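The values are calculated or read from the model by the stated rules, or taken from the named source; none is laboratory data. Nothing here was measured: the structure is a model prediction, and the numbers come from that model. No Cβ is skipped: glycine too gets one built from the backbone with ideal geometry, and neighbour counts run over all protein chains shown. All accessible areas refer to the heavy atoms of the entire protein, side chains included, with ligands and DNA or RNA removed. Shrake-Rupley method; radii C 1.70, N 1.55, O 1.52, S 1.80 Å.
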Amino acid sequence: MRTLRFHPRRWTIVLTPVLLMLVGALILFAQIDMTGYWAFRVKDGGVNYFQLQQTGENVTSVSTGGRGGGRGGRGLTGTLRGGKLHLVSTFNMPAQGPAPAAGQAPGAGQAPARPPAQARETVYDGVVENANRIAVTVQTSGREPLRGTLERVTREETFPARIPPPDLRDVPDNGLARTPPMGWNSWNKFQDVFDDATVRQMADAMVSSGMSKAGYTYIVVDEGWSSGRDANGNIVGNGKFPDMKALANYVHSKGLKIGIYSSPGPQSCSGRMGGGYQGSFGHEEQDARTFGKWGYDYLKYDWCSAGSVYSSTREDNQGAYQKMGEALLKTGRPIVYSLCQYGMHDVWKWGAKAGGNLWRTTDDIADRWDSMERIGFAQIDIAGYNQPGHWNDPDMLEVGNGGMTADEYRTHMSLWCLLSAPLMAGNDLRTMAEETKSILMNPDVIAIDQDRDPKPVQRLSQAGKSEVLVRPLSGNAFAVGLFNRGDKPAEISFRWDALKFDTGLYGFRRLQAQDLWKHEPVQVSGDTYTATVPSHGVVLLRVSIASGRGGFGL
Ligand code: GLA
């Protein structure tokens, strides 16, 4: 057996390069000054920008805004020591607890108040590769660790220059969405953790489950599909979405339509590590052309980081949306335009002028009773702004996502249909329980939503936690919803003669009524109708004139 004998020359030869490398590394680490602009990129997970300041071994972020428009604060603080970076950031997540009082209406000029946020922590641990690149593992409480890189970037990339929005003018109506759009959107169930295969499976399930027969048409890919821009400035898909055109072709081959997502800002709201994906700022016409060329039929356009490049005035908000509205029209392709800016500046008053077919009126819905109730019942006063082609959007459906009871989901669906809200399912269509299907695909309830003559819903009465909502339907009929927002079953009534039918020449007619969730007729007798409504539940009726004359008089 050979033994390793000490041989001074050989050891010098072996050790010298190692020592040199070590010294070099020490010099490099000592030289690195992280002061400047950095992009934290996660493969297929978006990008987050930081402006950092280093003093000695201490590194902190400078809180001057920047394109990062994601949720919550971006404060980073920590150390760079011996080539090892350790930074901690605290940011806010929507709370899981109870939300503000029910019935709270969105405020004028402001996004409606969100539920109180909860602080979460993200820890970045990195190893310096060179002065411009640090390999980083990021760990957010309660989530899988992610690997990414911090790369030095320019100030201009971090803080894109403002481009003034166009002068305001009315965008011509695109003639689409004559009834509230119906479809499926990826966000509520998957956030940005989904891919091309998931979307294809959802299209398959939309057809095989009967959803498409029930009227659901659009498969909308929300945040998470883009990676950046190619050398010509064209927006491109990321590794999870390698071919957006092929995906559109697939969805079309199922007889469905497909939607895509972008932002008037430089990037979208919330990548997996708190940053965002590519937005359309400065590339609006180019992106609209790309979406058209790929065959997209619907665009959800989400404000997100736009506050970093536009002012907070209504003019800038409207101008930013008008810019894309005009760009979509120019493509010549029919593309439904969905505005998502959470109801700021009473968007229902100008969303149609910006070319919008629908506009979000509230902050994000969550799969909880308090969230759905707060949003849903706050929409009644603005229901008059609905008109064919232009709809209030109180956010997507949570039916089937598991956070509410069947009664609560029936309330959700009934309310959204009475409101003429877009019906964008937000659950996993591949694994729907029968109960979920029965809620999402109730044809009589959907018919209320899709009524060709969208008269606004009105509050007939409110007593404590009980509310009766009424909506005139075409064909001389009414939808009546008896809602119990309380914690115990409640008896709720309304007078038949509160429904102002067109009684024609004879002055009275016999009424007929159908319970749309029980699928059975309701006896029309006496002056009032009374039902025992379960806690957080609803009784939804369709009342119309019975054929023939006589009987119950009005
Ligand atoms: C915003 C929107 C949501 C969803 C997310 C994606 O919060 O309101 O509907 O699109 O962004 O980050």
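The charge dipole of the chain, taken about the Cα centre with unit charges on the Cβ atoms of Lys, Arg (+1) and Asp, Glu (-1), comes to about 1240 debye, rounded to the nearest 20. If I take R0 = 41 Å and measure r between the Cβ atoms of Lys293 and Lys465 in this structure, what FRET efficiency does the formula 1/(1 + (r/R0)^6) give, to the nearest 0.05? In this case the efficiency is close to 0.20. When Rg and the Kirkwood radius Rh are both evaluated on Cα atoms of region 297-373, their ratio Rg/Rh stands at 1.01.
Distance check, please: which entries in Lys323/Lys455; Lys213/Lys330; Lys43/Lys300; Lys245/Lys349; Lys240/Lys323; Lys240/Lys300 exceed 26 angstrom between their Cα atoms?
Lys323/Lys455; Lys213/Lys330; Lys245/Lys349; Lys240/Lys323
For His345, His252, what's the largest-to-smallest order of accessible area, 1.4 Å probe? Let's see the in-between values first.
Values: His345 35, His252 65 Å².
Ranking His345, His252 by accessible area, largest first, yields His252, His345.
Placing dummy labels 7 Å off each Cα toward the beta-carbon, the span from Lys43 to Ala433 is 3.8 nm.
Need one word for region 168-218: rounded, prolate or oblate. Basis is the Cα gyration tensor (sqrt eigenvalues a ≥ b ≥ c); a/c below 1.5 gives rounded, then a/b vs b/c decides. Oblate, since a/c reaches 1.5 and b/c is not below a/b. Using the Cβ-Cβ distance between Val193 and Arg9 with R0 set to 60 Å, the FRET efficiency works out to roughly 0.55. Only lysines eight or more places from Lys465 in sequence, or on another chain, were considered; those with a Cα closer than 23 Å are Lys488, Lys518.
Mean projection of the alpha-carbon convex hull of region 207-345 over all orientations, in nm²?
9.2
Note that region 265-341 presents 27 Å² accessible area per residue, ligands and nucleic acids not counted, probe 1.4 Å. Here each label is just a point 7 Å from Cα along the line to Cβ, and for Thr405 and Thr331 those points are 4.4 nm apart. Percent of accessible area on the chain owned by carbon and sulfur, 1.4 Å probe? Whole-percent figure for carbon plus sulfur exposure: 53.
Per residue, the convex hull spanned by the alpha carbons of the chain comes to 193 Å³. Amide H contacts of Trp517: Leu540, each under 5 Å away and 5 or more positions distant or on a separate chain (H built 1.01 Å from N in the peptide plane; Pro and chain starts excluded). Across the options Met344, Cys304, Met324, the greatest Cα extent toward the positive end of the charge dipole of region 304-351 (unit charges at beta carbon of Lys, Arg, Asp, Glu) belongs to Met324.
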